[in-house]
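Participant: Sharing a structure, written as structure tokens. Questions coming.
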Amino acid sequence: LFGYTLPPQTDGLSAQKQYLLWYWITIPLSFLATFIRSEWAVTGGNRATRRVFYSMLDSVLCAPMSYFETVPMGRILNRFTYDTDITDITLTQSMSLLMISCS
């Protein structure tokens, strides 16, 4: 590991302690990296969803009244929920996969 060779485990208890030491170092680092990746994906996905939602909300609120006379309110609401759901789920999963493939 990193240019350091570990002795065979058949060399006795001292060799096994060296392996355990490497495990004790590797496991917390792995947990930390996984936590950071998850936090980044959730926070980034939440921020992106919020931006898309407010952009859509601004567009709808600035629309002329004729838009609301021709488009049913249910269609607007369905579009909001669908876009928010896709951004929430798909983007967060894609960000996680990106971090996994980069590591």
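The values are calculated or read from the model by the stated rules, or taken from the named source; none is laboratory data. Please read all numbers here as calculations on a predicted model, not as lab measurements. Cβ sites come from the backbone with ideal geometry, for glycine too, and all protein chains shown count toward neighbours. Accessible surface is based on the protein model in full, side chains and every heavy atom, while ligands, DNA and RNA are left aside. Shrake-Rupley method; radii C 1.70, N 1.55, O 1.52, S 1.80 Å.
Participant: Kindly state, to the nearest 0.05, the FRET efficiency for residue 27 paired with residue 102, given R0 = 25 Å and r defined as their beta-carbon distance.
Facilitator: 0.75
Participant: Provide the gained length on full extension for the span residue 59 to residue 77, in nm with one decimal, where the gain is 0.36 nm per separating residue minus the Cα-Cα distance.
Facilitator: So the chain would gain 5.1 nm between residue 59 and residue 77.
Participant: A further question on this structure: Please give the length that would be gained between residue 85 and residue 67 if that part of the chain were fully extended, namely 0.36 nm times their separation in residues minus their C-alpha to C-alpha distance (nm, one decimal).
Facilitator: Full extension of this stretch gives 4.1 nm more.
Participant: Something else about it: Please arrange 13, 98 by accessible surface area, largest first, computed with a 1.4 Å probe and ligands excluded.
Facilitator: 13, 98
Participant: Evaluate region 39-103: find the radius of gyration of its Cα atoms, find its Kirkwood radius, and give the ratio Rg to Rh.
Facilitator: 1.15
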